[in-house]
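Presented below is the structure to which this report refers.
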Amino acid sequence: MQKVAPEAVVAAPDLQQRLGLLLVAVLLFGNAQATQLPEDRTDFLWHSYDGGGVTIEGPSVLIRKAVKNQISIWGNYYIDMISGASIDVEATASEYDEFREQISGGIDYLRGKTLVGASYTRSEESDYLANSFSFGISQDMFGDLTNFSLSYAYGWDTVTRSTDNVFEEDITHQSYRIDLSQILTKSMVLSLTYHIITDEGFLNNPYRAVRYLDATSGNGYSYEPELYPNTRTSNAAAARSMYYLPWRAALRGEYRYFTDSWGIVANNYEVSYTQPFGRFELDLRARHYNQTKADFYSDLFPFRQAQNFLARDKELSTFSADSVGATLSFDFSKDGFLWFDKGSVSIAGEYILFRYDNFRDVRSGAPAGAEPLYEYHALAIRALISFWY
């Protein structure tokens, strides 16, 4: 059952960490359209992300088992091992190593054409503790041609700082989501999603700083801590369509629109093509993302405490990201072996290029405000082996 994804309620400070969480969301919730109890399965995942001076990798294990054909229970264990130094860290601090551990569990209950699910997730690292609870209900209607689902999630986080034993701040998140899937023809499915997220509390990174012009400094600028509003409301809408082609292939298209109370407007376009070859399946995809900056973002402020709120997080700047990726899957047993009904293995790779329109590379040594605009590429890899029983 597709419910609120973990990345919607766990406030990872950086884009790289959110990409890792996205892999878990896909693994746990998939893209099921009909209301049905998920299959019994075990998944072993290894994920890796390398880009922008940061490497994130680690394993994930998911186990799901049904009870009496009405209840499905699942548990997931996920690890992020983070090392390196992003451009923000290189400018103001030293390299670091971080370890994030996430444990999730949930239950789905099927009654007739109604599926109800609940889950809990706890994510912990040295200076960040995140908890979230989600609940959702899904219903098939109109001869199973339409599926409608509602979900709600609540998250509560604690932020600390490794350099300050006294510092401790709280964050709460609430998420509301509506999904509607409609079978339009025997070959085409359309899905619509509307998602609202509200955040309240300490929403900026306790280590990150902004820079401002300072003639007394040797490089022409100095740093001061970031300061964000303590509330944020985000709205997102998405339309997805899948068309099954006559030669046993599928074409997908997706558009997502995002806006928030901080002034960010984002658009995401994605297309993919899936082609089976016997026991193999190849999926090719391309994506483009762009966004405008937050109202209180600036790469270089004119003076210290130039405004009420201050941000220099590059993920709040104006930027775009283009990516291409492929997934190759192989069903290595459809007739069963040992106590398993079937199994599959897949490997996925994605190349991403980030370009920032108003975030500059201060490492260049150029005069303040004249540094080259920052851009970098990243490679994300996922290896997955699954068993159904």
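The figures follow:
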item	result
Residue satisfying all of: in region 299-347; in contact with a Lys or Arg (Cβ under 7 Å, 6 or more places away or on another chain) and of a type in the set (S, T, N, Q); farthest from T231 (Cα to Cα) among these	S333
Those residues of region 67-95 which are in contact with a Gly (Cβ under 8 Å, 6 or more places away or on another chain) and not charged (D, E, K, R), in sequence order	I73, W74, G75, N76, Y78, I79, M81, G84, A85, S86, I87, V89
Exclusive hit being under 24 Å from K186 (Cβ atoms), buried (at least 18 other Cβ atoms within 10 Å of the Cβ), among the β-branched types (V, I, T) and at pLDDT 95 or above, set T274, T327	T274
Given (1) modelled with pLDDT of 95 or more; (2) within 26 Å of Y289 (Cα to Cα), number of the condition N205 does not satisfy	(1)
Verdict on R363 being outside any loop (DSSP other than H, G, I, E, B), among the basic types (K, R), surrounded by fewer than 18 Cβ atoms within 10 Å (Cβ to Cβ) and free of Cβ contacts under 8 Å to residues at least 60 places away in the same chain	no
Scan of region 136-175 for residues that are without any contact (Cβ under 8 Å) to a residue 60 or more places away in the chain and within 20 Å of E200 (Cβ to Cβ), ordered by number	W156, T158, V159, T160, R161, F167, E168, E169, D170, T172, Q174
Any hit, region 253-270, residues being in a strand (DSSP E or B) and over 22 Å from the mean Cα position of the chain (by Cα)	no
Enumeration of residues in region 90-114 that are touching a residue at least 60 places away in the same chain (Cβ under 8 Å), surrounded by fewer than 18 Cβ atoms within 10 Å (Cβ to Cβ), in contact with a strand residue (DSSP E or B) (Cβ under 9 Å, 6 or more places away or on another chain) and closer than 30 Å to D361 by Cβ	A91, T92
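Rundown of residues vs (1) modelled with pLDDT of 95 or more; (2) over 30 Å from V89 (Cα atoms); (3) small (G, A, S), yes/no style:
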{"site": "R312", "(1), (2), (3)": "yes, no, no"}
{"site": "S317", "(1), (2), (3)": "yes, no, yes"}
{"site": "S320", "(1), (2), (3)": "yes, no, yes"}
{"site": "S333", "(1), (2), (3)": "no, yes, yes"}
{"site": "S344", "(1), (2), (3)": "no, yes, yes"}
{"site": "A348", "(1), (2), (3)": "yes, no, yes"}
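The values are calculated or read from the model by the stated rules, or taken from the named source; none is laboratory data. None of these values were measured; they are calculated from a predicted model. Backbone-built Cβ (ideal geometry, glycine too); neighbour counts: all protein chains shown.
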